[in-house]
Every structure is written in C-alpha cells, then in structure tokens.
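What follows is one structure encoded as structure tokens, with my remarks underneath.
The values are calculated or read from the model by the stated rules, or taken from the named source; none is laboratory data. Just so it is clear, the structure is predicted and the values come from calculations on it, not from any experiment. Glycine gets a Cβ as well: all are built from the backbone with ideal geometry, and neighbour counts include every protein chain shown.
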Amino acid sequence: MQLAIENVTKRYKKGVVALCGFSLDLQPGVLGLLGPNGAGKTTLMSILATITRATEGRVLWNRTDIAREPDVLRSVLGYLPQDFGVYPNLTAAEFLQYLAAVKGLDAATAARRIDELLELVNLTEARKRPLGGFSGGMKQRVGIAQALLNDPELLIVDEPTAGLDPEERVRFRNLLSDLSGERIVILSTHIVSDVEATATDIALIAKGTLVAHATPEALLQQVEGKVWEWVVSSADLTQAKQQYLISSTTRRSDGVHARVLGDEPPAGAQPVAPNLEDAYLFCLSEHRAGVPA
Ligand SMILES: Nc1ncnc2c1ncn2[C@@H]1O[C@H](COP(=O)(O)OP(=O)(O)OP(=O)(O)O)[C@@H](O)[C@H]1O
Ligand SMILES: [Mg+2]
C-alpha cells in the first residue's frame with residue numbers, strides 16, 4: 001500500500017497557486033497534515049480524493065496514476081471533506097444506508113456495517129433521529145462513519161475536529177487512533193494537539209510547499225536546546241513578543257511564563273523540553289525567514 005505524490009502543482013483560475021511542486025511518499029500509518037489557513041491542505045486532499053485535478057505533477061496509488069484511472073483509488077477511498085454537508089431530513093441510519101447503496105454495498109453487508117459504525121462513532125442511540133437536529137460533533141461523527149463504510153485503505157479527513165468541544169475532540173482523536181493499522185490515514189488540521197496523540201508522521205505545509213515531513217520525535221529534535229521559559233511581567237509582554245518568537249504564554253502569580261524559541265535565550269530564561277507546538281512554530285518561522293513572501 002503506497003501513495004506517492006510527485007511534484008504536484010495546483011493553479012486555480014485568477015492565478016492563485018495553492019500547491020507548488022509538492023512531493024510526499026506515504027506508507028500505512030496516520031499522517032498529520034499541519035499548516036496554517038490557506039496553506040493548501042484542502043487542495044491537496046481534494047486532489048488525493050480525485051475531486052480536483054492537479055495542474056502539474058501526478059499522484060500514484062500503488063503505482064497507478066489516479067488522474068488516469070481514478071476508480072482504482074475511489075473503490076478503496078474514504079473521504080470526509082472540510083465542508084461536509086448532510087441531508088437534514090434523513091436519519092443517521094437512512095443517510096448511511098443511502099451512501100452505502102451509492103458505494104455499491106449489498107443490503108445485508110450494508111446493514112451489518114452500519115450497525116458496527118454507528119456503535120464505533122457512538123451514535124447507536126441517535127440512529128433514528130433526523131440529521132437536521134444533530135450537533136456539530138454528531139454530524140462530524142456521521143461524516144467519519146460514511147467515510148468508513150467501505151473499510152477504506154486510504155482515509156482522508158479534512159479538519160475533522162473543527163467546531164468540536166474538548167470532550168468530543170478527545171473522543172474523535174481516540175477514534176482515529178483506533179482506525180489506524182493497515183491503511184493510510186491523512187488528517188489535516190491547524191491545531192497541533194489534534195495530531196500529537198495520533199500521528200505517526202507529520203507533514204508541515206505552508207504556502208503550498210512542504211516544509212517538513214518527519215516523525216513527531218524528529219521534529220522535536222529539531223528544536224531541542226532552542227526552547228526557553230522566560231518569566232516577564234504583563235507590562236513587558238508586548239515588547240517581548242516583538243523581540244522574540246514566543247510559542248505560548250501562561251499567566252501565573254509571579255508573572256507571565258513565556259515559551260521563547262531561538263538559539264540564544266533572553267537573560268534569565270531557563271531551558272525547557274520542546275513540545276510539538278514549539279517545533280511547528282519554529283519550522284514555520286525558519287521557512288518564512290528563508291522564503292520571500
Ligand atoms: N476554488 C478555488 N479557487 C481559487 N482559489 C482557491 C480555491 N480553493 C482554494 N483556493 C486558494 O488556494 C489556497 C489554498 O487553499 P486551501 O483551501 O487548499 O488551504 P487550507 O490549507 O485548506 O486552508 P484552511 O486551513 O483555511 O482550510 C488559498 O489561497 C485559497 O484561497
Ligand atoms: Mg482547508
């Protein structure tokens with residue numbers, strides 16, 4: 001099982017370049033696709049899902065070009081788009097039955113699979129309720145259930161945790177880790193903590209280019225010895241932010257504890273162990289420094 005993205009460029013009308021010579025090789029595991037708004041995550045995912053065509057370059061699924069023979073991939077693909085819409089008048093079970101039929105599952109297999117999936121996404125009790133009355137988190141869970149109907153080999157989920165409350169988020173992350181195994185899962189987000197627990201690999205994307213592709217451990221190693229905790233007064237914080245790259249701040253009784261990223265610490269700052277958020281911001285800022293805007 002192998003997905004090869006080779007030198008993909010996507011140019012939209014009016015000259016917007018959403019992806020620029022993007023290459024990435026993927027094996028089974030969970031890839032966290034991390035990048036700021038407008039980085040090109042959705043564009044990349046919709047090309048992989050054979051919804052959008054690349055302007056240049058190609059994508060190979062087990063050596064088959066997905067633009068030439070999309071059905072080879074489509075039959076083993078599960079996709080939860082960023083703007084996933086549901087039919088408000090259908091119940092959760094009816095909606096899944098409808099999509100199972102579209103995907104070509106026979107009625108008996110579909111019925112069994114829908115029961116399993118509703119259980120997996122914790123919606124068994126809500127199965128007979130119309131989707132129009134579902135919360136954002138419940139709709140996302142229906143979305144993931146539909147993406148899993150055909151037990152996909154490639155599962156693509158675009159910002160699945162947007163709009164979820166903290167409890168739903170945790171449940172969703174656990175669900176995704178349970179799904180990994182003999183499949184390639186690609187999960188896009190701009191929230192680092194979403195991929196911290198689940199991703200076996202991280203791809204950082206900014207302005208349509210690949211900034212880094214590494215394991216979480218390797219990304220952390222890149223910022224080892226470059227993260228400092230510095231206590232500043234609230235009054236000095238604004239100036240500190242102008243002077244240093246700060247990944248996060250926490251207010252405590254003795255002042256604001258800021259995590260500063262850089263080779264040299266501010267006076268009085270103490271070294272601390274890096275986290276993925278630090279690594280993400282550091283890589284993006286290095287990339288910005290090296291690439292003219
Ligand atoms: N259909 C389109 N036509 C023109 N430009 C587009 C279209 N879709 C996306 N873009 C542009 O391409 C760039 C990448 O957008 P994309 O939606 O892929 O980013 P993203 O990383 O998914 O962002 P977000 O985190 O906001 O979802 C942006 O500059 C966006 O404005
Ligand atoms: Mg997007």
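Figures for the structure shown
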quantity: Residue in the range 3-26 that is nearest to ligand 2 (Cβ to nearest atom), counting only those that are under 27 Å from N62 (Cβ atoms) and among the aliphatic types (A, V, I, L, M); calculated: A18
quantity: Of all residues in the range 196-208 being in contact with a Gly (Cβ under 8 Å, 6 or more places away or on another chain) and closer than 18 Å to V170 by Cα, the one that is surrounded by the fewest Cβ atoms within 10 Å (Cβ to Cβ); calculated: T200
quantity: Of residues in the range 209-234 being among the hydroxyl-bearing types (S, T, Y) and not in a helix (DSSP H, G or I), the one modelled with the lowest pLDDT; calculated: S233
quantity: Unmet criterion (only one of (1) within 16 Å of ligand 2 (Cβ to nearest atom); (2) over 27 Å from G38 (Cα atoms); (3) acidic (D, E)) for E159; calculated: (2)
quantity: Sole exception among (1) of a type outside the set (S, T, N, Q); (2) in contact (Cβ under 8 Å) with a residue 12 or more places away in the chain; (3) in a loop (DSSP other than H, G, I, E, B) for G85, by number; calculated: (2)
quantity: Of all residues in the range 135-180 being in contact (Cβ under 8 Å) with a residue 40 or more places away in the chain and of a type in the set (G, A, S), the one that is farthest from V72 (Cα to Cα); calculated: A162
quantity: Cβ pairs under 9 Å, 6+ apart, first in the range 214-243 and in contact (Cβ under 8 Å) with a residue 24 or more places away in the chain, second of a type in the set (V, I, T) and assigned to a helix (DSSP H, G or I); calculated: P216/V195
quantity: Candidate set: the range 35-82, residues that are in a loop (DSSP other than H, G, I, E, B) and touching a helix residue (DSSP H, G or I) at 6+ places or on another chain (Cβ under 6 Å); chosen: the one farthest from D278 (Cα to Cα); calculated: I66
quantity: Selection within the range 64-99 - more than 16 Å from ligand 2 (Cβ to nearest atom), at pLDDT below 95 and touching a Lys or Arg at 6+ places or on another chain (Cβ under 8 Å); calculated: V86
quantity: Complete set of residues in the range 118-134 that are over 11 Å from A92 (Cα atoms), out of contact with any Lys or Arg (no Cβ under 6 Å at 6 or more places or on another chain) and touching a residue at least 24 places away in the same chain (Cβ under 8 Å); calculated: L120, N122
quantity: Filter result for L33 (more than 9 Å from ligand 1 (Cβ to nearest atom), modelled with pLDDT of 95 or more and surrounded by 14 or more Cβ atoms within 10 Å (Cβ to Cβ)); calculated: no
quantity: Residue in the range 90-113 that is more than 27 Å from the chain's Cα centre (by Cα) and on the phi > 0 side of the Ramachandran plot present; calculated: yes
quantity: Residue identified as in contact with a Ser or Thr (Cβ under 8 Å, 6 or more places away or on another chain) and crowded, with 19+ Cβ neighbours inside 10 Å among V227, V232; calculated: V227
quantity: Hits in the range 1-30 (condition: without any contact (Cβ under 8 Å) to a residue 60 or more places away in the chain and either aliphatic (A, V, I, L, M) or surrounded by 22 or more Cβ atoms within 10 Å (Cβ to Cβ) (or both)); calculated: A4, I5, V8, V16
quantity: Leading residue by the ranking (surrounded by the fewest Cβ atoms within 10 Å (Cβ to Cβ)) among those in the range 144-195 that are in a loop (DSSP other than H, G, I, E, B) and acidic (D, E); calculated: E182
quantity: So A54, is it without any contact (Cβ under 8 Å) to a residue 60 or more places away in the chain and buried (at least 21 other Cβ atoms within 10 Å of the Cβ); calculated: yes
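Yes/no matrix, rows are residues, columns are (1) away from ligand 1 (no atom under 15 Å from the Cβ); (2) exposed (fewer than 15 other Cβ atoms within 10 Å of the Cβ):
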| site | (1), (2) |
| --- | --- |
| K41 | no, no |
| I47 | no, no |
| T50 | yes, no |
| V72 | yes, no |
| V76 | yes, no |
| L80 | no, no |
| G85 | yes, yes |
